[in-house]
Amino acid sequence: MARTLDRVEMDKIVSLCKRRGFIFQSSEIYGGLASTYDYGPLGIELKRNIRDAWWRTFIQDRDDMVGIETAILMHPQVWVASGHAGTFTDPLVECKACHHRFRADHIDSKACPDCGGALTPPRNFNLMLKTFLGPVEDTASQAYLRPETAQGIFVNFQNVLTATRKRLPFGIGQIGKSFRNEITTGNFTFRTREFEQMEIEFFVKPGTDEEWHQHWTDLFMQWFLDLGVRPDRLRLRPHASEELSHYSKATSDIEYSFAWGWGELMGIANRTDFDLKAHTEHSGVRLDYFDDDIEDPAQKHYVPYVVEPALGVDRALLVFLFDAYDEEALESGDTRVVLHFHPSIAPIKVAVLPLSRNERLVPKAREVYDLVRSRFVTQYDDAQSIGRRYRRQDEIGTPLAVTVDFQTLDEDNAVTIRDRDTMQQVRVPISELLDTLAEWLNPRSS
Ligand code: ATP
């Protein structure tokens, strides 16, 4: 739907998130921990809905995908084989005057962006967070918090293949936490040291990888559009060859146009056979595929190529927030803040509101609330005027509000449904309420 506001500034999003309970600074009462955030009551509903939408579309609704959940802690050799122990680095420069540190590839000038001081030459800084397992902090017990969820999938390739009897092409997806000791953070939850990823490793026959790379790129672009993200805010950016990660033959990023410029929303990489080969070499266990369809016995065994669509949950959530935010001037002269969330990700689907806190209205509204919440995530609110309550629901992106009034009690046993985006209202008998709501919110569930 057409929006009034072209772009929203970060401080408005941060303030809305705190005020309404989407996102809080972590450990705030102790002054906070830099670039670490907690999700509040509405934030966690939004996050769960994003995860669920991803899981349903890319795992449950597809015959060629399965899910997995692997541990954050892995054998240290995993990171040697994957190349992360050696090459998962960013170029770090430090200001000789104020000692602030920056990623060399994130700044244009040769002088410190903060104080103008001279910078040290870049040195490589490993992004993996270390920890120690067991009571003695010696090098033998050193482990890493995973910097990506992908490796848990690669090391389980043979397990999943044997357990599911899947044939190529097929993929394994997982959602879980990853950790990176990022040099520069900032822009709220855009880049944090602890974050959540939704990753797919899609295994294909070598030679078909470029086609599949394109296919997954198109699928994800469409997924964001289907969830309501504005097309002119999204773009695809193929990586130049010097930008590619050590494992990648080609990578395309889907980027979003934030208030501060274009930023990566997700990456779709063609990782070739790099990871499966590396783990075969380091573990001594063959991670390959036996292809029944190939006649020639010499060609039957091969290592699949893999296409990896990797998306951050927190990054996606930030994009949905930015994209949904709008401020609209009302005829009354007021401004309403509204989040135009797609119904499938909106934290609260329906609000049930009695016209007032009248003692006759409240029991009936409670009855309607019990009915609606049996099917949808619903909020009941009877505090303050009905106008203010509509505004409160608009601000958290609730798609529909159901109002119980005296006509409900005295005349028609019907209620009013108000649409968040158009503010149009229709009257519906309570006997048809659930079906009508289902049709508006999600045609699939009715
Ligand atoms: P960059 O080059 O910006 O550091 P990257 O290209 O290394 O990022 P990937 O390894 O491709 O990022 O990670 C896949 C996705 O995981 C990213 O597109 C993003 O959505 C998410 N992600 C990666 N790092 C972070 C982080 N520090 N905070 C939040 N999300 C992240």
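Just one of VAL368, VAL402, VAL372, VAL362 is over 30 Å from GLN151 (Cβ atoms), assigned to a strand (DSSP E or B) and more than 16 Å from the ligand (Cβ to nearest atom); which is it?
Unique residue meeting the criteria: VAL402.
Could you tell me which of the residues THR280, THR251 is closer than 19 Å to THR149 by Cα, assigned to a helix (DSSP H, G or I) and in the same structural domain as GLY173 (by TED's automatic domain parsing)?
Of the residues listed, the single one that is closer than 19 Å to THR149 by Cα, assigned to a helix (DSSP H, G or I) and in the same structural domain as GLY173 (by TED's automatic domain parsing) is THR280.
Which ranges mark the helices (runs of 4 or more DSSP H) fully within the range 1-99 that have 1 or more residues being modelled with pLDDT of 95 or more, small (Gly, Ala, Ser) and under 24 Å from the mean Cα position of the chain (by Cα)?
10-20, 41-55
Given the conditions (1) farther than 19 Å from ILE50 by Cβ; (2) surrounded by 19 or more Cβ atoms within 10 Å (Cβ to Cβ); (3) among the hydroxyl-bearing types (Ser, Thr, Tyr), and given that THR184 satisfies all but one, which numbered condition is not satisfied?
All conditions are met except number (2).
Which residue is surrounded by the fewest Cβ atoms within 10 Å (Cβ to Cβ), if the candidates are limited to the range 222-267 and must be polar (S, T, N, Q) and within 13 Å of the ligand (Cβ to nearest atom)?
SER245
Looking at GLU199, GLU182, can you tell me which residue is within 14 Å of the ligand (Cβ to nearest atom), of a type in the set (D, E, K, R) and either under 20 Å from ALA278 (Cβ atoms) or part of a helix (DSSP H, G or I) (or both)?
GLU199
With the structure loaded, tell me whether PHE125 is within 19 Å of the chain's Cα centre (by Cα), within 14 Å of the ligand (Cβ to nearest atom) and either surrounded by 14 or more Cβ atoms within 10 Å (Cβ to Cβ) or in a helix (DSSP H, G or I) (or both) or whether it fails that test.
The answer is no for PHE125.
List every residue pair whose Cβ atoms lie under 8 Å apart, where the two residues are 6 or more positions apart in sequence or sit on different chains, the first residue falls within the range 289-312 and is assigned by TED's automatic domain parsing to the domain that holds THR217, and the second residue, located anywhere, is hydroxyl-bearing (Ser, Thr, Tyr) and part of a loop (DSSP other than H, G, I, E, B).
TYR305/THR208
Per-residue answers, yes or no, for (1) β-branched (Val, Ile, Thr); (2) assigned by TED's automatic domain parsing to the domain that holds VAL313; (3) in contact (Cβ under 8 Å) with a residue 60 or more places away in the chain; (4) more than 19 Å from ALA316 (Cβ to Cβ):
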residue: ILE29; (1), (2), (3), (4): yes, no, no, yes
residue: LEU33; (1), (2), (3), (4): no, no, no, yes
residue: THR36; (1), (2), (3), (4): yes, no, yes, no
residue: GLU45; (1), (2), (3), (4): no, yes, yes, no
residue: ARG48; (1), (2), (3), (4): no, yes, no, no
residue: ARG51; (1), (2), (3), (4): no, yes, yes, no
residue: ARG56; (1), (2), (3), (4): no, yes, no, no
residue: GLN60; (1), (2), (3), (4): no, yes, no, no
residue: VAL66; (1), (2), (3), (4): yes, yes, yes, yes
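The values are calculated or read from the model by the stated rules, or taken from the named source; none is laboratory data. Model, not experiment: these values are computed from the prediction. Backbone-built Cβ (ideal geometry, glycine too); neighbour counts: all protein chains shown.
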